[in-house]
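The values are calculated or read from the model by the stated rules, or taken from the named source; none is laboratory data. Bear in mind that the values here come from a model prediction, so they are computed numbers and not experimental data. Note that we place each Cβ from the backbone using ideal geometry, even for glycine, and neighbour counts take in every protein chain shown. What goes into the accessible areas is simple: the full protein's heavy atoms, side chains included, and nothing from ligands, DNA or RNA. Shrake-Rupley method; radii C 1.70, N 1.55, O 1.52, S 1.80 Å.
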Amino acid sequence: MSDTERASAPDHASGGQARVRPAPSQWGPYLEAALGFRNHWYPALYGAELEEADVSGGLGEPVSNVRSVVMLGERLLLRRIEGRVYSVHDQCLHKGVPFSKKPECYTKGTLSCWYHGFTYDFRTGRLKNIITDPGSPLIGRLALKTYPVEERKGLVFVYIGDGEPTPLADDVPAGFLDDALTVVPDGWSKEVACNWRLGAENGFDPAHAYMHRNSPLVRGFRVPTVLGDTGLGKGHGMEIINPDRKLPGPCGVRLLRGHGQPIWEVEVDAGVRLAARYLPDAPGVMQGMVPEVGIWMPGALRVDPFPAPHIVHFEWYVPVSERTHRYFITWGSMCEDAAAKEAFLDEVKYLWREFVPRYFNNEDMFAREAMDEFYSAENGWSREHLFGPDVVVTAWRRLCSRTHRGIQKRAPRPG
Amino acid sequence: MSDTERASAPDHASGGQARVRPAPSQWGPYLEAALGFRNHWYPALYGAELEEADVSGGLGEPVSNVRSVVMLGERLLLRRIEGRVYSVHDQCLHKGVPFSKKPECYTKGTLSCWYHGFTYDFRTGRLKNIITDPGSPLIGRLALKTYPVEERKGLVFVYIGDGEPTPLADDVPAGFLDDALTVVPDGWSKEVACNWRLGAENGFDPAHAYMHRNSPLVRGFRVPTVLGDTGLGKGHGMEIINPDRKLPGPCGVRLLRGHGQPIWEVEVDAGVRLAARYLPDAPGVMQGMVPEVGIWMPGALRVDPFPAPHIVHFEWYVPVSERTHRYFITWGSMCEDAAAKEAFLDEVKYLWREFVPRYFNNEDMFAREAMDEFYSAENGWSREHLFGPDVVVTAWRRLCSRTHRGIQKRAPRPG
Amino acid sequence: MSDTERASAPDHASGGQARVRPAPSQWGPYLEAALGFRNHWYPALYGAELEEADVSGGLGEPVSNVRSVVMLGERLLLRRIEGRVYSVHDQCLHKGVPFSKKPECYTKGTLSCWYHGFTYDFRTGRLKNIITDPGSPLIGRLALKTYPVEERKGLVFVYIGDGEPTPLADDVPAGFLDDALTVVPDGWSKEVACNWRLGAENGFDPAHAYMHRNSPLVRGFRVPTVLGDTGLGKGHGMEIINPDRKLPGPCGVRLLRGHGQPIWEVEVDAGVRLAARYLPDAPGVMQGMVPEVGIWMPGALRVDPFPAPHIVHFEWYVPVSERTHRYFITWGSMCEDAAAKEAFLDEVKYLWREFVPRYFNNEDMFAREAMDEFYSAENGWSREHLFGPDVVVTAWRRLCSRTHRGIQKRAPRPG
């Protein structure tokens, strides 16, 4: 079996005998991963959201340039020191208060707890001093958990895991780190009230095009949008990349452009027909918008092109709690020169960054939140009824189950 | 033992040795029925709240004429098609989203899921089509749970249960379906923050007249209202109808008019006397307002007459969740001709429908919500101390325990 | 071992081998006491908050002069009758409704339930009458739980426990009941969103002076405030009073004035120094403000002097629920004559009663609430890392564990 396998659609085939019920035993680890997978890289925020560190006044007034985020159930504090971002667990070792309630930093490289003055090295996490007990034998003997950080393409990635981090390049969509790809310095993000897996499955789902058929993006830009896409996963159309993580680089599931059978018109009921709003051969419609979509461990989407023929769209679904995730969207483009790059950055800044989430992905967020009660509280994982196009979703579930590096436990407790 | 037994007040007798603590073992099924009894009919809404079905525009804009309700923990969707009301489970079989989040219907008789276009026959629940995969083998093989519906006397009743429904006439108060009884087409309803059993027990409780002694209804209409009513259940005054469900027709407990010992005046403490606000023989008071009260499986009250001598008052306590119920109140009258009927409908519409819930039953809702913490969270069912008049409440608990057709389980999962 | 022991700092010594992790096994009962300790006296409210009883109108209009409080998870009702305060459980024995939802009292000495007229003697709790069933055999046979009450120094103390109450003097800070101490008739109180133990530990913590270094009180009155205080608990500086409750009188831990090693200036990091805002020998600073601090079972603090040299400051941390406590602050002074007394009462009324909680103890409430998630939901009691000054906190935990009279159970059920 090669590392790039062609999926053979073992369940939910559109022809022959359909399996009505899912086969959860095939993706057991995925079902356990309500808080995501441990020992992977996730975006925490955009680099533009974190300015260079400032320093408290002499008596410890709060500083503003630290950021607190919750990822996979853990609270992290981030700070940019001499240009580079560092991260520690946002909880004092003494009595567990979050530093972020009132962050104090007497120097660029230290973090002092507002309660008793426990002072840590922000880069190493080491307890350097205790203002209220400078001779304490604890000094030098305790350390906060630190998180590896890499800032790439405008995103600050954090490794939520133990020990030496794996390469970041193994945890982002193929092509994302390419030097030739210009990515905007500050994309969009929002917390969504549903489990991260519903975010990922919604984003990658080829049939959910149906729910976007009336979106402002489709109408405003006259984008030919299929009602659905069938026939994927039947020996063609779907590619599993690095399915057992035997090679370096990312693991993903990719839908090959144009291999499905697009549905442009349907007879919904006897005599009642429904057609896509804009057909691809209609006059005046946007051309070149048949995207290739891929999903990548540990939960990132790449859509090429979208929302315009020269733009690549990226999404991340980062677990926050079991019933919330942070949704990141950012955009890249292959720009030939500085002028093209400037034009692309302007275009995203003044058009897409607001338009796309508000008038297109808002529909996805609506759908995800509508699923959450069923999956998170009503045992939906064993009650769902999958259909043909879901073969790409189950391929993703199996990929996760084979290639993850650990299950994040509920209520993790660093230290 | 005849099917109409005279209660012999086995506990809580007003004379002799009182039993201070309840005997929960005598009404075990009732204690289990936090979500109500399965395989019974309950009102879902008023027929006037559901107009004839409309149809989505060609691209599936939402329709307005469906209604979503939660009953006994289940989510139902209702729609009126060619005049008749139908109901299906409000949850798509595919990924569990509620249809009601954005209801789409391309025809009067179908329901399409807004997410992937799963399209069901609203009358049979059968999956008729999938817009995003029209050749899916699932079509014709899956079906939503449907709920039997009967619309009578202005109320839309739904059978929450399995298999063939029992007759509606067995689940409404005696007399409610009489042809000669005019019932208003649209009564009143509201969700109340307490378990349904506390609603039922409050409504039927003969001693809670005390709490209404100052209500606007008593004052505004000068209604002689007793402080309490004792002596019931001692071989007379209380009748158990169809106690073992051996006969067709409803099962209930009825208090016979005038058999209790009304309390008009009491010495509360030495030298401190309390009298009812209006005594029955006082000048100018309303006459003919000694009501007969009965409670009927699976949770409906009939008070005849109330709030006026020619009106019969009906209430239902429909379980929603374990700590909420929907409270319905509607009114009927025996009208001799069209003019009397019109006058009655006007009277309810312009006077009683607003006045009674706001100025009388508001006190009952206050009392029910005040009990809920004790019974739902503090094990009140085994800590309560019942007294004489509660013999009618325990008769009801025993009747439920003997005649119910099933216990609704927590978090029921149709399909 | 004498009844006044000198602590020998068995753990967390500032020199030698530090114990990084706590030793929870040494204070097991304290860890169980999320709802506080049973069979102790706690303040319920200020006497000034409870005027002499009034009486319902003839038909039972609600009365205003009763007060409802929740303490240690129990609901209490309080009423002042002929000058003296009484307390009963705020829950009718019949169906568990709180009397306080609509308190009715036909006489000064009785309490009637608004629902069915169960009428109790407020002093004894005995069921005296039932308005809706005056001949009920329950009358005289049931009783509400009553709570012993003592009103001293402006506070209404209630004994939450069983059987004969212990002396109040054993459950207040030493000196609080002294005849020569004038205490204001109405202090301050507020509910705080954290467990009561975090309140007590925050109040007694000698190192948390650090967090007050910028408070308006320090600045406005130029109070020399240390950054921290070390060296306590090493054979001097800390006194355990009545450590095994072998003697009458209160049990407490007291920090002796001036025995610690105050920290006025610290080198936080290389070359970065932090000094207290006002040093004790600076010109114009307030003198005489080195306080002696003690904490007393079952959770009261005495700080002498504070907030001014002639004032003694008292705090109580009364458990409400597992994650809330009521925080009381009141003030006393040794006044030589009536003029001094009047001046002191005015000073507190027009200055300290508003200023101290708003501009100083607000910081403590902030800190307590910031700890609650860690200790109440994340197993903080076994994850905290204590340091030198916490020897006084662990002395308190051990004292509680040795001298308490019972653990309050979750969801206690009087009767």
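Brief remarks follow.
- Of all positions in the stretch A:227-240, at least one carries a residue that is open to solvent by 30 Å² or more (accessible area, probe 1.4 Å), closer than 22 Å to residue A:356 by Cβ, at the interface with another protein chain (Cβ under 10 Å from one of its Cβ atoms) and at pLDDT below 95.
- Beta carbons closer than 6 Å, at least 6 apart along the sequence or on distinct chains, pair a first residue in the stretch B:108-127 that is at positive phi with a second that is surrounded by fewer than 23 Cβ atoms within 10 Å (Cβ to Cβ) and modelled with pLDDT of 95 or more for B:125/B:143; B:125/B:146.
- Selection count, the stretch B:260-282, where residues are of a type in the set (A, V, I, L, M), more than 10 Å from chain C (Cβ to nearest Cβ) and either closer than 26 Å to residue C:121 by Cβ or without any contact (Cβ under 8 Å) to a residue 40 or more places away in the chain (or both): 0
- Boolean, residue A:55 is open to solvent by less than 20 Å² (accessible area, probe 1.4 Å) and either assigned to a loop (DSSP other than H, G, I, E, B) or within 18 Å of residue A:397 (Cα to Cα) (or both): no
- Enumeration of residues in the stretch C:287-316 that are of a type in the set (Phe, Trp, Tyr) and assigned to a loop (DSSP other than H, G, I, E, B): C:306
- Residues located in the stretch C:130-158, provided they are polar (S, T, N, Q) and either in contact (Cβ under 8 Å) with a residue 12 or more places away in the chain or surrounded by fewer than 19 Cβ atoms within 10 Å (Cβ to Cβ) (or both): C:132, C:146
- Complete set of residues in the stretch B:205-222 that are within 14 Å of chain C (Cβ to nearest Cβ), touching a residue at least 24 places away in the same chain (Cβ under 8 Å) and either closer than 25 Å to residue B:391 by Cβ or open to solvent by less than 20 Å² (accessible area, probe 1.4 Å) (or both): B:205, B:206, B:207, B:208, B:211, B:212, B:213, B:215, B:218
- The single condition among (1) closer than 20 Å to residue C:352 by Cβ; (2) more than 14 Å from chain A (Cβ to nearest Cβ); (3) open to solvent by less than 20 Å² (accessible area, probe 1.4 Å) that residue C:161 does not satisfy is (1).
- Test result for residue B:61, open to solvent by 10 Å² or more (accessible area, probe 1.4 Å), acidic (Asp, Glu) and at pLDDT 95 or above: no
- Taking the criterion of being in contact with a strand residue (DSSP E or B) (Cβ under 9 Å, 6 or more places away or on another chain) and within 19 Å of residue C:293 (Cα to Cα), the residues of the stretch C:353-386 that qualify are C:356, C:357, C:361, C:364, C:365, C:368.
- Condition met for residue C:224 (more than 15 Å from residue C:361 (Cα to Cα) and more than 24 Å from the chain's Cα centre (by Cα)): yes
- Helices (runs of 4 or more DSSP H) wholly inside the stretch B:340-415 containing at least 1 residues that are surrounded by fewer than 21 Cβ atoms within 10 Å (Cβ to Cβ) and more than 14 Å from chain C (Cβ to nearest Cβ): B:353-356, B:391-403
Residues are listed down the side, and each one gets a yes or a no for (1) under 26 Å from residue A:296 (Cα atoms); (2) among the β-branched types (Val, Ile, Thr):
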| site | (1), (2) |
| --- | --- |
| A:320 | yes, yes |
| A:338 | no, no |
| A:344 | yes, no |
| A:348 | yes, yes |
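- So residue A:325, is it touching a strand residue (DSSP E or B) at 6+ places or on another chain (Cβ under 9 Å) and within 26 Å of residue B:94 (Cα to Cα): yes
- Lone qualifier among A:265, A:191, A:201 - being open to solvent by less than 30 Å² (accessible area, probe 1.4 Å) and of a type in the set (D, E, K, R): A:201
- Residue, farthest from the other protein chains (Cβ to nearest Cβ), within the stretch C:129-158, restricted to residues that are of a type in the set (Lys, Arg) and outside any strand (DSSP E or B): C:153
- Among the residues of the stretch B:243-263, those identified as in a loop (DSSP other than H, G, I, E, B) and at pLDDT 95 or above are B:243, B:244, B:245, B:246, B:247, B:248, B:249, B:250, B:251.
- Residue in the stretch C:16-35 that is touching a residue at least 24 places away in the same chain (Cβ under 8 Å) and within 11 Å of chain B (Cβ to nearest Cβ) present: no
- Among all positions in the stretch B:73-81, there is no residue which is within 7 Å of another protein chain (Cβ to nearest Cβ), open to solvent by 10 Å² or more (accessible area, probe 1.4 Å), of a type in the set (D, E, K, R) and closer than 30 Å to residue B:190 by Cβ.
- Hey, residue B:314 over 25 Å from residue B:405 (Cα atoms) and either within 14 Å of chain C (Cβ to nearest Cβ) or crowded, with 22+ Cβ neighbours inside 10 Å (or both) or not: no
- Here is the figure for the stretch A:5-52: residues that are within 30 Å of residue C:269 (Cα to Cα) and either open to solvent by 50 Å² or more (accessible area, probe 1.4 Å) or at pLDDT below 95 (or both) total 4.
- Complete set of residues in the stretch B:264-292 that are hydrophobic (A, V, I, L, M, F, W, C) and either modelled with pLDDT of 95 or more or in contact with a strand residue (DSSP E or B) (Cβ under 9 Å, 6 or more places away or on another chain) (or both): B:264, B:266, B:268, B:272, B:274, B:275, B:276, B:279, B:290
- Residues of the stretch B:363-409 satisfying the condition of being of a type in the set (A, V, I, L, M) and free of Cβ contacts under 8 Å to residues at least 24 places away in the same chain: B:370, B:377
- Condition met for residue A:68 (closer than 27 Å to residue A:165 by Cα, modelled with pLDDT of 95 or more, more than 7 Å from chain C (Cβ to nearest Cβ) and open to solvent by 30 Å² or more (accessible area, probe 1.4 Å)): yes
- Taking the criterion of being small (Gly, Ala, Ser), in contact with a Phe, Trp or Tyr (Cβ under 9 Å, 6 or more places away or on another chain) and assigned to a loop (DSSP other than H, G, I, E, B), the residues of the stretch B:58-76 that qualify are B:58, B:60.
- Taking the stretch B:95-122 as the range and being within 8 Å of another protein chain (Cβ to nearest Cβ), farther than 19 Å from residue A:269 by Cα and either buried (at least 24 other Cβ atoms within 10 Å of the Cβ) or within 28 Å of the chain's Cα centre (by Cα) (or both) as the test, the residues that pass are B:95, B:97, B:98, B:101.
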